[in-house]
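Trainee: Take this structure, written in structure tokens, and hold onto it; I'll ask about it next.
The values are calculated or read from the model by the stated rules, or taken from the named source; none is laboratory data. Everything quoted here is computed from the prediction, not taken from an experiment. Cβ atoms come from the backbone with ideal geometry, glycine included; neighbour counts cover every protein chain shown. Ligands, DNA and RNA are stripped out before the accessible areas are found, and what is left, the full protein with its side chains, is counted by its heavy atoms. Shrake-Rupley method; radii C 1.70, N 1.55, O 1.52, S 1.80 Å.
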Amino acid sequence: GETAGVLIAHLNLDRLDEIILERAGLGETGETYLVDGLNVFISQTDVDPAAFPRGVHTEGIDRAIAGENGSGSYPNYNDTLVIGVYRWLPDHDMALLAEMTESEALAPANRLGLILAVFTLVVIGLGSLAGYLTARQISRPVVTIAQTASQVALGDLTQRVPVTTEDEIGDLAQTFNQMTVQLEELYNTLEDQIVARTRRLETTAVLGERLSAILDLEELLQTL
């Protein structure tokens, strides 16, 4: 029952720290570290162990020391929200943790969301512009036909609608032009008929006047 000696084992952690502290793939804020079963940092960190007189405790560390393996989002030892993965290494009685701040971990997803939002707005904008241009392309010939019809209604039968498309609107414009041509021809025919009839009436009036004069002269001669 008496102490006869002390056995000391020294473990060189330089190589272990070299592996643990490798930041490849962990971005700017990622880190990995080891914590023993007494909640004490084993690997080198920028944290002063004296800052944790009762051991370092986080959700990830406590779960790993309890023998759980998993991942999640939780505040780290600096009270920074991180996304971490934790494992308990039973052969070494140590917990291994790899963590990255949530803001950096979710940055690609946030960028993707922003890109999708911008892409959606661009698509909506282009769709609206295409719809506007299409509606304008359809409505412009119709408006032109309406304006020409108004001028024709005021008596200008020389107006014609430009045929710019080969669809139903173009067919409508051609039909309107044909109708206007027919109206103009009919108007010209009626005008010619009116002129001819007017001339006949004028001739009849002149002949009537001459006949009346002859009758008056005849009466005068009979009187004499």
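Trainee: Out of the residues in segment 137-161 that are assigned to a helix (DSSP H, G or I) and open to solvent by 90 Å² or more (accessible area, probe 1.4 Å), which is nearest to E191 (Cα to Cα)?
Mentor: Going through the qualifying residues, I end up with Q147.
Trainee: Would you check which residues across segment 59-99 are in contact with a Leu (Cβ under 8 Å, 6 or more places away or on another chain) and either among the hydroxyl-bearing types (S, T, Y) or open to solvent by 80 Å² or more (accessible area, probe 1.4 Å) (or both) and list them?
Mentor: Passing the criteria: S73, Y74, Y86, R87.
Trainee: Taking into account only those residues within segment 156-178 that are of a type in the set (A, V, I, L, M, F, W, C) and closer than 24 Å to Q137 by Cα, which is nearest to the chain's Cα centre (by Cα)?
Mentor: Out of the qualifying residues, it is I169.
Trainee: Let me ask something else. Residues that are within 12 Å of E31 (Cα to Cα), at pLDDT 85 or above and among the basic types (K, R): list the strands (runs of 3 or more DSSP E) wholly contained in segment 43-103 that include at least 3 such residues.
Mentor: none
Trainee: While we're here: Let me spell it out: the conditions are (1) of a type outside the set (D, E); (2) open to solvent by 90 Å² or more (accessible area, probe 1.4 Å); (3) modelled with pLDDT of 80 or more, and T164 meets all of them except one. Which number is the exception?
Mentor: For T164, the exception is condition (3).
Trainee: For segment 182-198, does any single residue satisfy the condition of being at pLDDT 75 or above, among the aromatic types (F, W, Y), closer than 22 Å to A146 by Cα and open to solvent by 60 Å² or more (accessible area, probe 1.4 Å)?
Mentor: Step one: list which residues in segment 182-198 are at pLDDT 75 or above, which gives 182-198.
Next, only the ones that are among the aromatic types (F, W, Y) stay: 187.
Filter once more, keeping what is closer than 22 Å to A146 by Cα: 187.
Those left that are additionally open to solvent by 60 Å² or more (accessible area, probe 1.4 Å): 187.
Checked segment 182-198: at least one residue is at pLDDT 75 or above, among the aromatic types (F, W, Y), closer than 22 Å to A146 by Cα and open to solvent by 60 Å² or more (accessible area, probe 1.4 Å).
Trainee: Being open to solvent by 80 Å² or more (accessible area, probe 1.4 Å), farther than 30 Å from T29 by Cβ, free of Cβ contacts under 8 Å to residues at least 24 places away in the same chain and assigned to a helix (DSSP H, G or I): is that true of L172 here?
Mentor: No; evaluated as a whole, the condition is false for this residue.
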